[in-house]
Each structure stands twice: as C-alpha cells, then as structure tokens.
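Below is one structure; the comments refer to it alone.
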Amino acid sequence: MAKTPTRQTRSVAGHEVDGEVIRAFVGSVGRLSAGYESRVRDELAVQGVHDPEPGTWYDLDPYLHVVEALLDSVGSVTLRRVGRGVPGALGLAPATATVADALAALDRYHAGSHRGEAGHYTLSLAGDGRGILDCRTPYPCALDRGLVEGVLDTHGRSAVADVAESGACRRDGAEACRYELAW
C-alpha cells in the first residue's frame, strides 16, 4: 500500500481532520479485515500519524493519502463498505428524527471535524422519501457514497444511492458527486 495513490481529489494542503474521524475509519477497516487494518495503521505511521486521538487535529493530506492508497489497493466496492461502517463507529445521527435530519447531521459533523475548506454535503429534498445529495468533500467518491449509505443504515432504511443521470462525479472531474437517494 506504500505506492503513491492515484489522486482523484483536490488539494487539501493546510487542512486538518479530527483524530476521531481517523479512528472511526481505521475501526471500520478493521471490521472488514484485520490485515487491511494493519496495513492502514502501518501506512498512517509512515505518514506520521500514530494512534490518532479524538479531539487532536491532524493534517488532512497524510490521512487522505492513506484513504486513497486503500482505494487503489482494495477498490471502490471495499472502500464503500468501509465508508458505510464509519457513521455507526462515530455514533452519527441515530437520534435524529428523520433521514433528512440525519443527512444534515452528516454535513454538520463533517464541518465540525475538519478545519479549512473541507467541503460539505448538501441535500435537496425531491419529494417524500427522496432527495438529491451533492457531496463536495476531498474524499474519494466511494468513501462518500458509503458514508451516505451508512447514515441511512442508522435509520434502518435501505439506501438506493446512484450517481445521477447527469453523470456528476468528482472521479470524472466534476466539483461534486451527486446522488439520488430514496428511503
């Protein structure tokens, strides 16, 4: 996993992330595979991130390097599964009243756990139990999609999250990934 990953995200120089986010990511990786978790911990150490602590701020770029290296190593399906486990690891949004509230909580959590312009999640409701979510974060698309599905999971819903027909995706150079959601 030590090779230089293929960067599909924008520059994050000078931005920071709370160690709680890194720990939740590592924990979600570990629930899939102890081997992957060991590799992620080793790569974090190479990047100078040792035993991240909640409430401690870390440079975002080394962490993002590890996330992207994992994507290159295991693929988007596995990274999506990792992302899906992160909201549960964080205890994110289970007490909110509605799915829309939970998705708004994802955006608030993201803003509070990152310093610098680390993007956001914007939900536009499109009817009862449907919405369009634009993800403008520095993270790979697969991780964001998994996070969104994980938030829906916290409400006992099954997610239908597909890239909109417009083809808006950061992987293809767009500013945001756009997901059509139904719950």
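Only one of Y36, Y63 is surrounded by 16 or more Cβ atoms within 10 Å (Cβ to Cβ), of a type in the set (F, W, Y) and in contact with a strand residue (DSSP E or B) (Cβ under 9 Å, 6 or more places away or on another chain). Can you tell me which?
Y63
Name the residues in the stretch 154-181 that are under 16 Å from R84 (Cα atoms) and modelled with pLDDT of 80 or more, would you?
Within the stretch 154-181, Y179, L181 meet the criteria.
Condition check: exposed (fewer than 15 other Cβ atoms within 10 Å of the Cβ) and out of contact with any Pro (no Cβ under 7 Å at 6 or more places or on another chain). Does D128 satisfy that?
When the stated conditions are applied, D128 passes them.
For the condition part of a helix (DSSP H, G or I) and closer than 27 Å to G48 by Cα, what is the one hit in A102, A118, A111?
Among A102, A118, A111, only A111 is part of a helix (DSSP H, G or I) and closer than 27 Å to G48 by Cα.
From the list S38, S76, pick out the single residue that is at pLDDT 90 or above and touching a Pro at 6+ places or on another chain (Cβ under 8 Å).
The conditions single out S76.
May I ask you to verify whether Y58 is modelled with pLDDT of 95 or more, among the aromatic types (F, W, Y), touching a helix residue (DSSP H, G or I) at 6+ places or on another chain (Cβ under 7 Å) and not in a helix (DSSP H, G or I)?
Yes: the conditions hold for Y58.
Scan the stretch 68-121 residue by residue and report those that are crowded, with 16+ Cβ neighbours inside 10 Å and among the β-branched types (V, I, T).
Matches in the stretch 68-121: V74, T78, V82, V86, T96, V99.
Only one residue in A93, A97, A89 is hydrophobic (A, V, I, L, M, F, W, C) and either at pLDDT 80 or above or touching a strand residue (DSSP E or B) at 6+ places or on another chain (Cβ under 7 Å) (or both). Which one?
Sole residue among the options that is hydrophobic (A, V, I, L, M, F, W, C) and either at pLDDT 80 or above or touching a strand residue (DSSP E or B) at 6+ places or on another chain (Cβ under 7 Å) (or both): A89.
The values are calculated or read from the model by the stated rules, or taken from the named source; none is laboratory data. Quantities reported herein were computed from a predicted structural model and do not represent experimental measurements. Cβ sites come from the backbone with ideal geometry, for glycine too, and all protein chains shown count toward neighbours.
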